[in-house]
Amino acid sequence: MNHALHYCLDTDMCIYLLNGHPRVKTRVAEVGVTALAVAIPTVGELYFGAYNSGRVEANVARVRAFLSPPGPQVLLIDEPAAGAPGRRTTHSGCCYRAPRGATAAAAPAGLVAR
């Protein structure tokens with residue numbers, strides 16, 4: 001396990017992990033949960049999904065449990081960092097960008113080291 005290496009998970013990767021996707025679970029077991037991070041916008045998206053689901057209480061509890069220790073580190077952002085995407089002339093994606101034509105089943109291979 002390499003604790004210095006962090007993997008920044010986007011919302012889709014978090015959902016795969018929450019839903020127990022075998023390839024994502026295997027990869028997390030290889031790198032260790034302490035190597036995982038999520039950005040604060042991803043946290044917001046997870047809660048948005050939970051509060052707008054058919055099982056609000058259960059899904060909010062799952063998100064809270066996922067983000068609680070020893071869960072992923074939550075990466076907070078300051079105002080200059082929050083404004084950076086708006087200053088870009090192109091969109092390069094966040095933590096993972098699926099190749100053109102990729103299916104959701106292929107996505108878990110996309111854990112990207114940051």
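The values are calculated or read from the model by the stated rules, or taken from the named source; none is laboratory data. None of these values were measured; they are calculated from a predicted model. Note: ideal-geometry Cβ built from the backbone for every residue, glycine included; neighbour counts use all protein chains shown.
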Between residues in the stretch 49-64 that are closer than 14 Å to residue 15 by Cβ and residues that are surrounded by 12 or more Cβ atoms within 10 Å (Cβ to Cβ) and among the β-branched types (Val, Ile, Thr), which pairs lie under 6 Å by C-beta distance while being six or more apart or on different chains?
50/60; 50/63
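Determine whether the stretch 36-49 contains at least one residue that is in a loop (DSSP other than H, G, I, E, B) and over 21 Å from residue 81 (Cα atoms).
Within the stretch 36-49, not a single residue is in a loop (DSSP other than H, G, I, E, B) and over 21 Å from residue 81 (Cα atoms).
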Pick from the stretch 17-26, criterion farther than 20 Å from residue 60 by Cα and either polar (S, T, N, Q) or surrounded by 17 or more Cβ atoms within 10 Å (Cβ to Cβ) (or both), ranking: farthest from the chain's Cα centre (by Cα)
26
Consider the stretch 59-114. How many of its residues are assigned to a helix (DSSP H, G or I), surrounded by 11 or more Cβ atoms within 10 Å (Cβ to Cβ) and modelled with pLDDT of 90 or more?
8
